[in-house]
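Everything on this sheet refers to the single structure shown next.
Here, each number is a calculation from the coordinates, and none is a lab measurement. Keep in mind the model is a prediction, meaning the values are calculated, not measured. Cβ sites come from the backbone with ideal geometry, for glycine too, and all protein chains shown count toward neighbours.
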Amino acid sequence: MVNYSASCILFAKIWKMFDSGRELSAHDIAESLEVKKITAWRWLACLHDMRVIHVVGYKKDTIGRDQTPIYVMGDGFDKPKHVRTKAERRAQYADKKYMLAEANK
C-alpha cells in the first residue's frame with residue numbers, strides 16, 4: 001500500500017467534493033474536512049488563481065453584506081459582490097431608527 005501524505009488525501013477529498021457538483025465555501029470545507037479555516041481559504045485561493053474554480057455567489061454576514069464567496073468547479077466568470085449604495089444604507093438606517101423608536105414607545 002502506498003503511504004500518502006495527509007495533504008494529498010485532503011486535496012483528493014476537496015476535489016471529490018467539487019467534482020460531485022457541490023457549491024462550497026471555505027467554512028464548508030473547514031467543517032467537513034476538519035481543517036482550519038485559513039487552510040481552507042488558502043486551498044480555495046490557490047484553486048481560484050489556477051482558474052479551476054470560480055465564485056457563483058456569496059453568503060451574507062449578520063448585517064447583510066456579501067461576505068463569504070461560494071465556489072463551484074469550472075473556469076467561469078466570478079459573480080461580483082453587491083455593493084450597497086449610499087441610498088440603500090440610508091434607507092436601512094432609517095428603517096432601523098424607526099423600528100427602535102417604535103420599540104421604545
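Residues in segment 37-60 that are assigned to a loop (DSSP other than H, G, I, E, B) and under 25 Å from Val83 (Cα atoms): 1 in all. Would you check if Leu10 is in a helix (DSSP H, G or I) and over 20 Å from Asp78 (Cβ atoms)? Spelling it out, Leu10 is indeed in a helix (DSSP H, G or I) and over 20 Å from Asp78 (Cβ atoms).
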